[in-house]
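Working notes, beginning with the structure itself.
Where a number appears in this text, it was derived from the coordinates with a stated rule and is not lab data. None of the values given here were measured: they were computed from a predicted structure. A quick note on method: Cβ atoms are made from the backbone with ideal geometry, for glycine too, and the neighbour counts reach across all protein chains shown.
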Amino acid sequence: MVEQKPQRVLVIISNNSEHWEQCWSSSEDLLPIAYEILQNNNLLECTYKNQPELKLLAKQNWGSRVFLVFDISNTWYDPSLGHLPEHNNLPVTIVRLGKKIQAYSASPPVRNKVNSDIARVHNSSGVNSIPPFVTDYTSGSPFYPSPRDPSLLV
């Protein structure tokens, strides 16, 4: 049996992508597509016989770009601890869907930013919040009325 190693994926969809129309309203449908791209580019942390669990954590709309973050095989994910930085230390790969399709491993600074952004949005969303966390920046900065721990808001 192959050990499943959790992995986090940042998918960046530009408004030039063939997936643009579905990326916000049907975000979950893009996860298997991104998974297949990672598989074809040998960017998965381990080899799977069948597609593992893909869990959408967050999506953000910035107008001309939509960002999706999902985990692969993260069986230890716990919504009650997901806002803590020490529970967000996964390897990160990036899939870009635009005119061209690209996939690559994230550099350490990008990996740290993606992981800390997931902890931050989880914290900002409040107690008993569960993914996916949806943030729309197209009409200004979002407001979070009841963060878990206000001291973690930076």
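Brief remarks follow.
- Potential extension, S64-S141 segment - 0.36 nm per residue separation minus Cα distance: 26.1 nm
- Positive minus negative residues near K55 (Lys, Arg vs Asp, Glu; Cβ under 11 Å): -2
- Coordinate range along principal axes, alpha carbons of segment 39-83, Å, largest first: 36, 31, 14
- Residue ranges 28-38, 78-88, 100-110 sort as 28-38, 78-88, 100-110 when ordered by packing (mean number of other C-beta atoms within 10 Å per residue, highest first).
- Sequence-distant lysines (8 or more away, or on other chains) whose Cα lies within less than 20 Å of K59: K113
- Entry for segment 1-73 at q = 0.15, 0.16, 0.28 Å⁻¹: log10 I(q)/I(0) = -0.49, -0.55, -1.36, Debye formula applied to identical alpha-carbon scatterers, no solvent contribution.
- Computed log₁₀ I(q)/I(0) - Debye formula, equal Cα scatterers, no solvent, the chain, q 0.09 Å⁻¹: -0.28
- The chain, helix-only ellipticity at 222 nm - DSSP H runs n ≥ 4, -39,500 (n - 2.57), divided by all residues, nearest 500: -6500 deg cm²/dmol
- Bridgeable aspartates and glutamates around K99 (alpha carbons under 17 Å apart, same-chain partners fewer than 8 residues away excluded): E18, E21.
- Spacing of the two label points (7 Å from each Cα toward its C-beta) at T47 and W76, in nm: 2.5 nm
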